[in-house]
1. Taking segment 93-103 as the search range and keeping residues that are surrounded by fewer than 20 Cβ atoms within 10 Å (Cβ to Cβ) and not polar (S, T, N, Q), which one is nearest to the chain's Cα centre (by Cα)?
2. Quick one: which of Phe141, Phe136 is farther than 30 Å from Ile221 by Cα, assigned to a helix (DSSP H, G or I) and in contact with a Pro (Cβ under 9 Å, 6 or more places away or on another chain)?
3. Would a scan of segment 236-246 turn up a residue that is aliphatic (A, V, I, L, M) and under 18 Å from Trp69 (Cβ atoms)?
4. Sort out which residues of segment 82-111 are under 19 Å from Gly264 (Cα atoms) and small (Gly, Ala, Ser), and write them in order of number.
5. For the subset of segment 128-152 comprising residues that are closer than 16 Å to Phe76 by Cβ and free of Cβ contacts under 8 Å to residues at least 24 places away in the same chain, which member is surrounded by the most Cβ atoms within 10 Å (Cβ to Cβ)?
6. Have a look at Leu116, Leu167 and point out the one that is modelled with pLDDT of 85 or more, hydrophobic (A, V, I, L, M, F, W, C) and touching a Pro at 6+ places or on another chain (Cβ under 8 Å).
7. Out of segment 207-244, which residues are among the hydroxyl-bearing types (Ser, Thr, Tyr) and either at pLDDT below 90 or within 19 Å of Leu151 (Cβ to Cβ) (or both)?
8. Go through segment 194-287 and tell me which helices (runs of 4 or more DSSP H), entirely inside it, have 1 or more residues that are surrounded by fewer than 16 Cβ atoms within 10 Å (Cβ to Cβ) and not polar (S, T, N, Q).
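The values are calculated or read from the model by the stated rules, or taken from the named source; none is laboratory data. Fair warning: this is a prediction, and the values are worked out from it, not measured in the lab. Note that each Cβ is placed from the backbone with ideal geometry, even for glycine, and that neighbours are counted across all protein chains shown.
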Amino acid sequence: MAVADFLKSTRESFRVGWKIESNWTDPMLFATYQIIRPLASLLIVAFIVIIGSAVGAASSAFYTSYLAWLIIGTAFFAYVIQVMLGMAFLVFVDRTRYEVLKNVYISPGTLHAYVLGRSLVSVVNGTVSVLLTLLFSDAIFNGLLHMNIPLNLPGVNLFILIPAVLLGIVSLISTGFILCGVNLVSHRTEFILGDSVSGIFFLLGGVLFSVNILPVQIQYISNVLPITYFLMAVRESFKIPGTGDYLMSLAYLAVTTLGSLMLGLYVFRLAVHRAKKLGLFDRKSEF
């Protein structure tokens, strides 16, 4: 019964979150907005392609392989952006703008289910961004420009991709719980926290370049981030050269995801208790 109540609360929270995300305009404009955002990331890759072609490197096998490596990292990083920004702003939106966080806390459902449901909205938006970025990348670079980038979307190994994506999503939501906990007990951090964490993951997670070229001291940090192994496993599912062993990446991803989950729930639980003790659930931020 408790599990059924938790799932029901999560489902209703997802419905609320989806309405908040999408009811500000008509469906056509919202769909256009969802398409434009991943295209912005694609333009970054396009400029790299143009500059590389200008110096005569476009025909090299290494260059085309690196572009495929780059496109996959940029596309799947959309999950990080959507989840981090969405969960970083969750407390601010519900506590300050709509002033409902205190009501959610005293309701029969748990706050964990509510936060989880809201985070799944970001996951859906991230999935749309990933798919659109991959499709437009293949259409432009292989279809329009005929660059023969080894980006075989129909040939992706789903038995490798699906477990990696599921574990990656769990790790990102766990990190999002930490952000929610920090925002519960802090003041005006929601505007920088999501972007800051996303920036750290972008630099240290192997999105644009391998973590092996980072300083040794920085590599220690990269090696404990789930995003590093998430992108490694995803690239392996697309058969991108130089990605390493999939089973090893998946094993490290599972271990780091478990650590993120335990840490995220622990930090969020401490933050909830502190917010209750100090009466922070109905605190407003005036600007």
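1. Val93
2. Going through Phe141, Phe136 in turn, the sole match is Phe136.
3. For segment 236-246, residues aliphatic (A, V, I, L, M) and under 18 Å from Trp69 (Cβ atoms): present.
4. Those that are under 19 Å from Gly264 (Cα atoms) and small (Gly, Ala, Ser): Gly86, Ala88.
5. Asp138
6. Leu167
7. Ser210, Ser237, Thr243 - these are the residues of segment 207-244 that are among the hydroxyl-bearing types (Ser, Thr, Tyr) and either at pLDDT below 90 or within 19 Å of Leu151 (Cβ to Cβ) (or both).
8. 216-222, 246-278
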